[in-house]
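Beneath this line is the structure, given in structure tokens, with notes to follow.
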């Protein structure tokens with residue numbers, strides 16, 4: 001699967017809310033240590049399961065509108081969107097096994 005694409009406030013609606021498959025949005029920032037921990041784990045899960053769920057990331061410093069709209073107050077926050085709605089929210093860095101468990105409804 002391809003690298004995780006960056007999504008912005010401008011294309012969030014088209015890329016995420018209108019997607020025909022579930023989309024995991026990684027809300028992150030350059031200065032966030034836990035974000036850097038979780039990023040390679042998400043890359044691995046994307047490579048294994050990117051055919052079932054789309055993985056994108058949004059820099060909260062560069063794109064303040066969308067995180068505010070979805071009440072993202074801590075990062076990393078991983079929101080799964082399906083049919084234009086948030087169907088799952090995972091806050092904080094978690095090990096790969098925990099993330100796979102949290103995402104099992106979407107990747108199995």
Item to check | residue 34 vs. criteria at pLDDT 95 or above and loosely packed, with under 12 Cβ neighbours inside 10 Å | outcome: no
Checklist outcome for this item: Within segment 71-101, residues buried (at least 17 other Cβ atoms within 10 Å of the Cβ) and not in a strand (DSSP E or B) come out as 72, 75, 76, 93, 94, 99, 100
Next on the checklist: So residue 40 ticks every box in (1) within 19 Å of residue 101 (Cα to Cα); (2) touching a residue at least 12 places away in the same chain (Cβ under 8 Å) but one. Which box is left unticked?
Outcome noted: (2)
Checklist entry - Is it the case that segment 12-25 has a residue that's over 21 Å from residue 85 (Cα atoms) and touching a strand residue (DSSP E or B) at 6+ places or on another chain (Cβ under 9 Å)? => result no
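For the structure I just gave you, tell me whether residue 44 is loosely packed, with under 12 Cβ neighbours inside 10 Å and touching a helix residue (DSSP H, G or I) at 6+ places or on another chain (Cβ under 8 Å). Before the answer, list the steps.
Details: loosely packed, with under 12 Cβ neighbours inside 10 Å: no; touching a helix residue (DSSP H, G or I) at 6+ places or on another chain (Cβ under 8 Å): yes.
For residue 44, the condition - loosely packed, with under 12 Cβ neighbours inside 10 Å and touching a helix residue (DSSP H, G or I) at 6+ places or on another chain (Cβ under 8 Å) - is not met.
In segment 22-65, which residues are assigned to a loop (DSSP other than H, G, I, E, B) and closer than 17 Å to residue 3 by Cα?
Taking segment 22-65 and keeping what is assigned to a loop (DSSP other than H, G, I, E, B), we get 22, 29-32, 50-53, 60-64.
Matches in segment 22-65: 22, 50, 51, 52, 53.
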Checklist entry - Looking at segment 82-100, is at least one residue more than 14 Å from the chain's Cα centre (by Cα) and either closer than 12 Å to residue 27 by Cα or at pLDDT below 95 (or both)? => result no
Next on the checklist: Here is a check on your reading of the model: is residue 58 modelled with pLDDT under 95 and in contact with a helix residue (DSSP H, G or I) (Cβ under 8 Å, 6 or more places away or on another chain)?
Outcome noted: no
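The values are calculated or read from the model by the stated rules, or taken from the named source; none is laboratory data. These numbers were taken from a predicted model, which means no experiment stands behind them. Cβ coordinates were reconstructed from backbone atoms using ideal geometry, including for glycine residues, and neighbour counts include every protein chain displayed.
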